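J.: This structure is in structure tokens; I'll ask about it shortly.
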Amino acid sequence: MTKYIVEGGKPLCGEVEISGAKNAAVAIIPAALLVNGICRIENVPQISDVSLCMNILEQLGAGVRMINRHTVELDCRHIHSTRTPYEMARRIRASSYFIGALLGRFGQAEVAMPGGCNFGGVRPIDQHVKGFTALGAQVTVEGGFIRAVAQNGRLHSANIYLDVVSVGATMNIMMSAVLAEGNTIIENAAKEPHVVDLANFLNSMGANVRGAGTDTIKIRGVECLTGGSYAIIPDQIEAGTYMAAAAAAGGQILVKNIIPKHMDCITAKLQECGVEVEEHEDTLLVRRTEPLRKTNIKTLPYPGFPTDMQPQITTVLSLAKGISLVTESVWGNRYRYVDELRRMGASIQVDDKTAIVEGVDHLSGAPVQASDLRAGAALVIAALAAHGQSEISCVHYIERGYENIVAKLQALGADIRSVEVPDEGEELGIG
Ligand code: EPZ
């Protein structure tokens, strides 16, 4: 397995180019199944979750052709199976999107329960199932697979009110409804940039989806989607992670290829901490020369502060003068990384959903282990800011969602390298 060795304490300086958004890509790739034609998708991030989605698509009979590093052509005209390979699909949460896409196009889908969850588990999919059922599907669980079948061969329209604001349920229901008969309405929909990106992708292929980005999405079913070209939006969380890295380690970086509006929630909080952020058309200049100041943060669905930035910002706050409170209100338990930060000298107490962060003067390098994607990103940030050497293991989690993170940080002057060590066993993550 791979580990990262980081010599911390060097300010970051230079430019970083942000890749396409992971959480848009892992939905748009399965959504290509809805298209009876060729989709050309640009700005596809080169990360392991995306490769896995493309492998699953290929196993179903899709043509997958890389045009260049970040552009792929997906041809879903000759799909021969509506059952995803078990071992591949169970590894990522995003495999649930294959249910919406297969069900929408073929009226049936069999997909391994994503990420090892079950309906009552830590990452439930009850709202996805509620939507599919309202659209006329029968959903059962058999042998580790979720099986969804349109009772009359084709789904019909429905009014669906989501009981919780769910990104996954909003996107999955949107996929299953674009080819359904009639007009579907999703209320209390998620408004994240990747929800809008999926709607824009589907519309560019011939769908009729209105209102994405608000809490009411209206979908008029069409007979078929044909091919087209689409570019994925930049990754809000990857950009936020580099901003947080500059905040923690100090220095000045130019974050390129971003949509500044998507960054507002992160920019505002970093500014409260004393970080200077200058906004340009599609770049942000981030500078930290002064000591960091405390702030309080609560994660919320978009446009609130993203849960996927919670570990990274908590790491920044672990170096801010005073006591900061961080409240996680999207996920029940997203503080597993805190024990690792404590090894590095952070002073953080977790009380249920709140982390009480007492800023310390500095962190010290240590051997630490990533427990999921953003936890891993937080440890990289901590290691960059820390005095001395850190060794980060289980970095396969990080590589699920960050393209070329080592090279991008090296280009910013960081002393980080990737080394191969004998395998000690890998776990499944949450993605
Ligand atoms: C997506 O997960 C992202 N993953 C997550 O990013 C992100 O943390 C999350 O949205 C919230 O923004 C992908 O896009 C692949 P949700 P998702 O459904 O769709 C509850 C990362 O680091 N809920 O919006 O699974 C759920 O328990 C990853 O990139 C139900 O109760 O999240 C949670 O409390 C990690 N029933 C809340 O809703 C359901 O049927 C939000 O979950 C579905 C969700």
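J.: Counting only residues that are of a type in the set (A, V, I, L, M) and surrounded by 18 or more Cβ atoms within 10 Å (Cβ to Cβ), give me the helices (runs of 4 or more DSSP H) lying completely in the range 101-210 with at least 3 of them.
T.: In the range 101-210, the matching helices (runs of 4 or more DSSP H) lie at 167-177, 193-204.
J.: I'm trying to understand the selection: among the residues of the range 408-425, which are β-branched (Val, Ile, Thr) and modelled with pLDDT under 95?
T.: Val421
J.: From the list Ile219, Ile237, Ile253, pick out the single residue that is of a type in the set (A, V, I, L, M), touching a Gly at 6+ places or on another chain (Cβ under 7 Å) and not in a loop (DSSP other than H, G, I, E, B).
T.: Of the residues listed, the single one that is of a type in the set (A, V, I, L, M), touching a Gly at 6+ places or on another chain (Cβ under 7 Å) and not in a loop (DSSP other than H, G, I, E, B) is Ile253.
J.: Moving on. Out of Lys261, Lys256, report the one residue that is under 26 Å from Ala25 (Cα atoms), more than 16 Å from the ligand (Cβ to nearest atom), open to solvent by 20 Å² or more (accessible area, probe 1.4 Å) and without any contact (Cβ under 8 Å) to a residue 40 or more places away in the chain.
T.: One residue alone meets the criteria, Lys261.
J.: So for the range 336-347 (the condition being in contact with a Phe, Trp or Tyr (Cβ under 9 Å, 6 or more places away or on another chain) and either assigned by TED's automatic domain parsing to the domain that holds Ser371 or within 16 Å of the ligand (Cβ to nearest atom) (or both)), does at least one residue qualify?
T.: Scanning the range 336-347, I find no residue that is in contact with a Phe, Trp or Tyr (Cβ under 9 Å, 6 or more places away or on another chain) and either assigned by TED's automatic domain parsing to the domain that holds Ser371 or within 16 Å of the ligand (Cβ to nearest atom) (or both), so the answer is no.
J.: How many residues are within 14 Å of the ligand (Cβ to nearest atom) and outside any loop (DSSP other than H, G, I, E, B) when one looks only at the range 315-329?
T.: Residues that pass the stated criteria total 1.
J.: Please pick out the residue among Gly332, Gly376, Gly401, Gly304 that is within 12 Å of the ligand (Cβ to nearest atom), more than 18 Å from Gly8 (Cα to Cα) and crowded, with 23+ Cβ neighbours inside 10 Å.
T.: Testing whether each residue is within 12 Å of the ligand (Cβ to nearest atom), more than 18 Å from Gly8 (Cα to Cα) and crowded, with 23+ Cβ neighbours inside 10 Å leaves just Gly401.
J.: Test of understanding: among Cys13, Cys39, Cys53, which residue is open to solvent by 10 Å² or more (accessible area, probe 1.4 Å) and either away from the ligand (no atom under 16 Å from the Cβ) or assigned to a helix (DSSP H, G or I) (or both)?
T.: Cys13
J.: Select from the range 379-393 the residues that are open to solvent by less than 10 Å² (accessible area, probe 1.4 Å) and touching a strand residue (DSSP E or B) at 6+ places or on another chain (Cβ under 7 Å) and write down the one among them that is farthest from Pro306 (Cα to Cα).
T.: So the residue we want is Ser390.
J.: Glu7 versus (1) assigned by TED's automatic domain parsing to the domain that holds Ala150; (2) over 26 Å from Ala207 (Cα atoms); (3) of a type in the set (Asp, Glu): which is the lone unmet condition?
T.: Glu7 satisfies all of (1) assigned by TED's automatic domain parsing to the domain that holds Ala150; (2) over 26 Å from Ala207 (Cα atoms); (3) of a type in the set (Asp, Glu) except (1).
J.: Go through the range 211-253 and count every residue that is open to solvent by 40 Å² or more (accessible area, probe 1.4 Å), touching a residue at least 40 places away in the same chain (Cβ under 8 Å) and either hydroxyl-bearing (Ser, Thr, Tyr) or under 17 Å from Asn404 (Cβ atoms) (or both).
T.: Number of matching residues: 2.
J.: Pairs please, first residue from the range 56-84 and free of Cβ contacts under 8 Å to residues at least 24 places away in the same chain and more than 13 Å from Leu33 (Cα to Cα), second anywhere and part of a loop (DSSP other than H, G, I, E, B) and open to solvent by 80 Å² or more (accessible area, probe 1.4 Å), Cβ atoms under 8 Å, 6+ apart in sequence or on different chains.
T.: Arg69/Gln46
J.: Any chance you could count how many residues in the range 161-196 are near the ligand (Cβ under 8 Å from one of its atoms) and closer than 18 Å to Gln138 by Cα?
T.: 1
J.: If you take the residues in the range 289-301 that are more than 26 Å from the chain's Cα centre (by Cα) and free of Cβ contacts under 8 Å to residues at least 60 places away in the same chain, which one is nearest to the ligand (Cβ to nearest atom)?
T.: Arg293
The values are calculated or read from the model by the stated rules, or taken from the named source; none is laboratory data. Quantities reported herein were computed from a predicted structural model and do not represent experimental measurements. Don't worry about glycine lacking a Cβ; one is built from the backbone with ideal geometry, like all the others, and counts go over all protein chains shown. Ligands, DNA and RNA are excluded from the accessible area calculation, which covers all protein heavy atoms including side chains. Shrake-Rupley method; radii C 1.70, N 1.55, O 1.52, S 1.80 Å.
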